[in-house]
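Below: the structure, in structure tokens.
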Amino acid sequence: MNRSLTFLIFFCIAIAILAALSIPAAADYSAQVIYTTPTPLTDGRIIYTVKSLDTCTSVALLHNISLDQLYNLNPSIKGECNLIIGQELLIAIVTPEPTSEMVLTPTLELPTPTPLKSTARICIYLFNDLNGNARAEADELPLAGGAVSITDRTGSVSLTGQTTADGKPVCFLDVAVGSYNVSVAPPQGYNPTTNMNYPLTLKAGDQSTLDFGAQVSALAQPVSPSGSGRSPLLAIIGSLVLLGGIGLAIYARRFKA
């Protein structure tokens, strides 16, 4: 009877191992990083203040500059690029174009002012989050094939797009101000590592960039080639299930006896 009970326990353990191996690794969910592009100061310098979860890669992508340009403007971060929240980074120096003196002439009628456009910009960046920490890092490349959707609260605005692997975010220009829901569906075979839905309120002139991360699913990992062309992990699982089945059969036969 003790031997039969041993076989039954072994079978239960084998089933538990199989179930655990079939579940993808738990992803570290965190809120997306949202950026707003700074404007030049009076001396022409464009300064960006480091926020939580910022990396050199994400800062460079936001401002459409290369990592080398970022390092040259900020020699202190060159190397490991350990950013500190609140740290100020020099992004660019804008030199205003000289203007000639204007001669004002009176007019009988003042021109009708052109109303300002009350629009904003939204950019989406989907990256291959290899380590699952929800941060876009230098060795984590952009991920193609993600479906992007932006809708407003009333359902009157619906914008769609798809991420590419060229390193550029998917951007939507001249988006009306208001409250939106931004969502991204990762490509087939990938699991999200960040929240894939983000509520966003846009004001006139906002330039917002949102990061979304995903990593390859454990079930979608390529099969390692071997002599028989089968994965060693699958072979081990199959052996455990087979042994468990044999043990259950022996137990059932002894129980009937």
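The values are calculated or read from the model by the stated rules, or taken from the named source; none is laboratory data. Since we're looking at a predicted model, the values are computed, not measured. Glycine gets a Cβ as well: all are built from the backbone with ideal geometry, and neighbour counts include every protein chain shown.
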> Out of curiosity, is residue 221 modelled with pLDDT of 65 or more and over 30 Å from residue 39 (Cβ atoms)?
Replying inline: no
> Checking residue 129 against (1) surrounded by fewer than 16 Cβ atoms within 10 Å (Cβ to Cβ); (2) within 20 Å of residue 52 (Cβ to Cβ), which single condition isn't satisfied?
Replying inline: (1)
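Could you say which residue among 28, 43 is within 23 Å of residue 141 (Cα to Cα) and either in a loop (DSSP other than H, G, I, E, B) or at pLDDT below 75 (or both)?
Answer to the check: 28.
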> Can you spot a residue in segment 189-196 that is closer than 17 Å to residue 127 by Cβ and surrounded by fewer than 15 Cβ atoms within 10 Å (Cβ to Cβ)?
Replying inline: yes
>> Step by step: first the residues of segment 161-206, then only those that are under 28 Å from residue 139 (Cα atoms) and charged (D, E, K, R), then the one that is modelled with the highest pLDDT. Which residue is that?
In response: 166
> What is the one condition in (1) without any contact (Cβ under 8 Å) to a residue 12 or more places away in the chain; (2) under 20 Å from residue 57 (Cα atoms) that residue 156 does not satisfy?
Replying inline: (2)
>> Given the condition at pLDDT below 90, out of contact with any strand residue (DSSP E or B) (no Cβ under 9 Å at 6 or more places or on another chain) and over 25 Å from residue 57 (Cβ atoms), answer yes or no: does some residue in segment 132-148 qualify?
In response: no
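How many residues are in a loop (DSSP other than H, G, I, E, B), over 25 Å from residue 166 (Cα atoms) and free of Cβ contacts under 8 Å to residues at least 24 places away in the same chain when one looks only at segment 57-90?
2
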